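Below is one structure, written out as structure tokens, with a few remarks after it.
Read-outs throughout are calculated quantities, based only on the coordinates presented, and are distinct from any laboratory measurement. This one's a predicted model, so the numbers in the text were calculated from it and none came from an experiment. Using ideal geometry, Cβ is built from the backbone for each residue, glycine included, and neighbour counts are taken over all protein chains shown.
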Amino acid sequence: MRALALSRKGDAEGARQALQAGIEAARSARDLFELTLGLLALADLDRRRGCEPALEVVSEARSLMERLKI
């Protein structure tokens with residue numbers, strides 16, 4: 001939620017930092033669903049900024065979606 005709010009305020013770097021913190025927290029908690037959501041949101045943020053998301057982010061998100069069957 002924080003990342004979304006920051007993004008809407010135009011703070012793309014703050015949004016990225018919030019997403020990365022959420023991704024690390026999800027990794028630590030081994031929460032695969034939250035990890036997937038965070039990775040997808042990070043890729044979306046990059047696309048909205050006109051950048052290609054990192055291949056590792058996209059690949060991991062796809063792999064997790066297959067694993068979770070979503």
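Just a few scattered comments:
- Residue tally, condition out of contact with any helix residue (DSSP H, G or I) (no Cβ under 8 Å at 6 or more places or on another chain), of a type outside the set (Gly, Ala, Ser) and in a helix (DSSP H, G or I), over the range 18-36: 1
- The range 39-57: number of residues that are loosely packed, with under 13 Cβ neighbours inside 10 Å and in a helix (DSSP H, G or I): 4
- For the range 63-70, the condition holds for no residue, the condition being that it is crowded, with 17+ Cβ neighbours inside 10 Å and under 12 Å from the mean Cα position of the chain (by Cα).
- In the range 7-31, the residues that are within 18 Å of Pro53 (Cα to Cα) form Cβ pairs under 7 Å with partners that are polar (S, T, N, Q), at six or more places apart or across chains, as follows: Ala15/Ser7.
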